[in-house]
1. Every residue in region 160-182 that is over 14 Å from Asp40 (Cα atoms) and either touching a strand residue (DSSP E or B) at 6+ places or on another chain (Cβ under 8 Å) or assigned to a helix (DSSP H, G or I) (or both), please.
2. Of the residues that make up region 165-176, is at least one surrounded by fewer than 24 Cβ atoms within 10 Å (Cβ to Cβ), touching a His at 6+ places or on another chain (Cβ under 9 Å) and in contact (Cβ under 8 Å) with a residue 12 or more places away in the chain?
3. Can you name every residue in region 37-56 that is out of contact with any strand residue (DSSP E or B) (no Cβ under 8 Å at 6 or more places or on another chain) and either surrounded by 14 or more Cβ atoms within 10 Å (Cβ to Cβ) or in contact (Cβ under 8 Å) with a residue 60 or more places away in the chain (or both)?
4. Tell me, please, whether a residue that is crowded, with 18+ Cβ neighbours inside 10 Å and either in a loop (DSSP other than H, G, I, E, B) or at pLDDT below 90 (or both) can be found in region 302-310.
5. Every residue in region 267-295 that is more than 14 Å from Thr218 (Cα to Cα) and part of a loop (DSSP other than H, G, I, E, B), please.
6. Please give the number of the condition Val254 fails out of (1) within 15 Å of the chain's Cα centre (by Cα); (2) under 22 Å from Asn55 (Cα atoms); (3) modelled with pLDDT under 95.
7. Can you pull out every residue in region 173-191 that is modelled with pLDDT of 95 or more and either over 30 Å from Lys132 (Cβ atoms) or of a type in the set (A, V, I, L, M, F, W, C) (or both)?
8. Only one of these conditions is not met by Ile214: (1) in a loop (DSSP other than H, G, I, E, B); (2) of a type outside the set (Lys, Arg); (3) surrounded by fewer than 17 Cβ atoms within 10 Å (Cβ to Cβ); (4) in contact (Cβ under 8 Å) with a residue 24 or more places away in the chain. Which number is it?
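The values are calculated or read from the model by the stated rules, or taken from the named source; none is laboratory data. Predicted, not measured: the structure shown is a model, and the values here were computed from it. FYI the Cβ positions are ideal-geometry reconstructions off the backbone, even for glycines, and counts take in every protein chain you see.
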Amino acid sequence: MAPSIDIPQTVEWQGKQVPVWSMQTIDYGLILSQDPSEIDKVTKACLEDGYFYLNLQSIDGRRMLSDQKDTLSLMKRFFDAPIEAKNEYGLISSHLGYEPVGSRTGAFGAGSKDGYEMLKVSRDEIQRGSPKVPSPIKNNGDLGLLENAIGSANTITKVILSALSTGMNLTGASRYENSHRNDRPSTTTLSMMHYLPSSVTGNDKVGHQKHTDISSLTLLFSEQWGLQIRPPGTCGAREMGFVAPRAGHAFVHVGDSLRFASGMKFQSCIHRVVPFDPSEHRYSIAYFLRAEDDTMFVDSEGRYITAGQWHDEKFKAFTDPWQWQAMAPGSMILGGMKEAGEDDPEGEPVAFQVEKTKEVAVEA
């Protein structure tokens, strides 16, 4: 059973007080040093919560913070480019390419749209040295910045993965990092997201649909409010609450693949993104560390499938119209995680509920 959560502070959002949920803070320098107490701490955080802050302010983590700043500058340049240049290749595959605004179901149920555009860069493509990235990045010499960011994020997430293997007393081939080898094909991706202001979308009820990630681990950076999570278990959490941005820290959470690999022991983080300040441009950077494509596990439907198959099926569910999402396996969007809260009336499918207030839509 998950421990009780401290009474959270709240912030006002859309006319009501919404929790700001607390969480553990893990020191990256201590994890890198394989400090036993920090390994126990991060393992406990993944078993009970499925998320934590990662303190990157030591000498070992500051390179990632620098790469994050460089990537943010790159993003602002890229997303300011004309749509024809950004969409030069379109969405090449599910983990590579550009997605225009309005490509997915939004955060406010049936009929709503996402309100963001996204550029995804495959780690495998970068490693091969011939990435298909749009001209505004290639022509500006920004490719090196992406290589640095992916390299730093890959190292950090692998260090955490190794610590979790140790914390779960895994040895030899059963250790998690042995299904995340750099030389094996995977859908590991750096995703850069730009959430547009309501003056552009025409609505302040847009955002990123509630879901769990396809990843093993997600390393997330954003300097702005908007990320919401739902704590798992019987901890009394009755609604989605915000994650407070914290300077010098990343937000790390467990995705479906690592939860499945742990035999459902780890929690997969239920989260979404909503417009906290509808007037601002919001930017976030997410590194999705994913298992090798041919890694086998039992998924939330009890099927024995590969990581690649789970990725493709769940990505299709993400991008399908909400009417089609209703036909996907019931546990697909939330990875089998259960929830019960006042923003999710009991008995309604959580992945595609119709909002109780007026339905909203955004022109793509």
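1. Of the residues in region 160-182, the ones over 14 Å from Asp40 (Cα atoms) are 171-182.
Within region 160-182, Gly172, Ala173, Ser174, Tyr176, Glu177, Asn178, Ser179, His180, Arg181 qualify.
2. no
3. The initial filter retains those residues of region 37-56 that are out of contact with any strand residue (DSSP E or B) (no Cβ under 8 Å at 6 or more places or on another chain), namely 37, 39-40, 43-44, 47-49.
Scanning region 37-56 gives Ile39, Asp40, Thr43, Lys44, Leu47, Glu48, Asp49.
4. no
5. Val274, Pro275, Phe276, Asp277, Pro278, Ser279, Glu280, His281, Asp293, Asp294, Thr295
6. (3)
7. Hits for region 173-191 are Ser174, Arg175, Leu190.
8. Among (1) in a loop (DSSP other than H, G, I, E, B); (2) of a type outside the set (Lys, Arg); (3) surrounded by fewer than 17 Cβ atoms within 10 Å (Cβ to Cβ); (4) in contact (Cβ under 8 Å) with a residue 24 or more places away in the chain, Ile214 violates only (3).
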